[in-house]
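Working notes, beginning with the structure itself.
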Amino acid sequence: MVARRPFSNVGFAFSRVLGINTFVNERDYFSLSEFLKARFGERVHKIALDAGLACPNRDGTRGVGGCIYCNERGSGTGALARGLSISDQIEGSRARLSKRFKAHKFIAYFQSFSNTYAPLDVLESLYREALGHDDMVGLAVGPRPDCIDGDVLRLIRDVAGDRLVWLELGLQSASDETLRLINRGHTVKAFEEACVLARDFQIPVVAHVILGLPGEGMAQTRESALLLNRLGMFGVKIHLLYVIRGTRLAKMYELGEYSPLTREAYVDMAVDFLGHLDPNTVIHRLTGDPHPEELLAPAWALEKAQNMDALRRGLRARGVVQGSLLAAGQGA
Ligand code: SF4
């Protein structure tokens, strides 16, 4: 059992510093865009980067075959494999975002596979390359919970300096049984320990959770929200589980061993999750975002605008805002 040291909720501290009162009924949830606008006074865009690193749950170090929903792209863009350096990727995205949104500030987001899974000098060079631009105001790094230690967190903290920085750690589910079933290759305890370590280095954590995992319903989803409240997350990314071609989940789907959520069931779960989530936690994502050419099911996962609309309507219909279903003492 992880020793539960008093957790200074870094997300809460951020919102207080910014003078943001998150528990208001005028909005449904505390969005990342709202947080970034309050912090920087303008819209800030993330640039997803592929550093070409691997994952210990795919290469046999911690597991074989990876998570059952993950394909060989590892949730990434595959940009490095196409010959694009970190700087190339930044230049390309920056030009596109500047033209489309008149964006001036960016956050470098190391997304694909596990972005601390390399020697420290390699990581330092990657992170410094990404931050070597005046308009790069933040660094977000997505490792597995079992791929961080004091040395790598010290590096991230030191390289980031006074920029905004956070870690994106996959919890996916607060149930060890589910984590075994989806072949995550780590436990809930490993996630908790990673959060405590990150807190020691004052690096905020954004947790990833997946709704619609095999065998999970509303009760398990709620448990995940309550665990994240206890750990004091800066942010949460909520994903829909969708079936990608060429994965083990795809085989389960074809054999009738897994049925994806309907849009209505997803909305019900997401509303319940948000209602039980600390209102100071910043919501970084609310749905999945599959590549159309890879998606097997459900087809509605591609309808992002309709899904967001259904979620907003679901929250309003049930009279729920982020944190409003929490019993006293279950928040931060
Ligand atoms: S930890 Fe991430 S990259 Fe590794 S197998 Fe799971 S989803 Fe894929």
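The values are calculated or read from the model by the stated rules, or taken from the named source; none is laboratory data. A quick note: this is a predicted structure, and the numbers were derived from the prediction, not measured. As a convention, Cβ positions derive from the backbone with ideal geometry for all residues, glycine included, and neighbour counts pool all protein chains shown. These area figures cover heavy atoms from the full protein model, side chains too; ligands, DNA and RNA do not enter into them. Shrake-Rupley method; radii C 1.70, N 1.55, O 1.52, S 1.80 Å.
Taking Val137, Val271, Val64 in turn, the Gaussian network model of the chain (Cα-Cα springs below 10 Å) assigns the largest fluctuation to Val64.
A 1.4 Å probe run over the protein chains yields, for the chain, 43 Å² of accessible area per residue, whole-number rounding.
Taking GluC sites (Glu not before Pro) in DSSP loop states with no more than 13 other Cβ atoms inside 10 Å as exposed sites, the chain has its longest site-free stretch at 73-256. As a length-normalised measure over Cα pairs under 8 Å and 6 or more apart, the relative contact order of the chain settles at 20 percent. The alpha-carbon atoms of the chain define a convex hull whose volume equals 135 cubic angstrom per residue. Evaluated at q = 0.16, 0.25, 0.26 Å⁻¹, the base-10 log of the normalised Debye intensity for region 166-252, with identical point scatterers placed on the Cα atoms, takes the values -0.62, -1.30, -1.38.
For Lys237, the lysines whose Cα falls under 16 Å of its own Cα, not counting residues fewer than eight places away in the same chain, are Lys46, Lys304.
Surface composition of the chain: carbon plus sulfur atoms hold 51% of the accessible area, using a 1.4 angstrom probe and ignoring ligands, DNA and RNA. Give the relative contact order (percent, whole number) for region 261-314; include only Cα pairs under 8 Å separated by 6+ residues. Here the relative contact order equals 48 percent.
Note on Thr262 and Arg313: the model spin-label points, each 7 Å out from Cα along the C-beta direction, lie 1.4 nm apart.
Dividing the radius of gyration of the alpha carbons in region 179-332 by their Kirkwood radius gives 0.97 for Rg/Rh. What translational diffusion coefficient, to the nearest whole µm²/s, does region 219-262 have by Stokes-Einstein, given a Kirkwood radius computed over alpha-carbon pairs, a temperature of 4 °C and 1.567 mPa s viscosity? So the translational diffusion coefficient is about 102 µm²/s. As a calculated quantity, the FRET efficiency between Thr187 and Arg245 at R0 = 35 Å, using C-beta atoms, amounts to about 0.75.
Taking 0.36 nm per residue of separation and subtracting the current Cα-Cα distance, fully stretching the chain between Glu294 and Ala54 would add 84.4 nm.
Where the alpha-carbon atoms of region 96-211 are placed on the principal axes, they occupy 45, 33, 22 Å, in descending order. Taking 0.36 nm per residue of sequence separation and removing the Cα-Cα distance, the His104/Arg154 pair yields an extension gain of 15.2 nm. Remark on the chain: Cys55, Cys147, Cys195 stand apart, with no other cysteine beta carbon under 4.7 Å.
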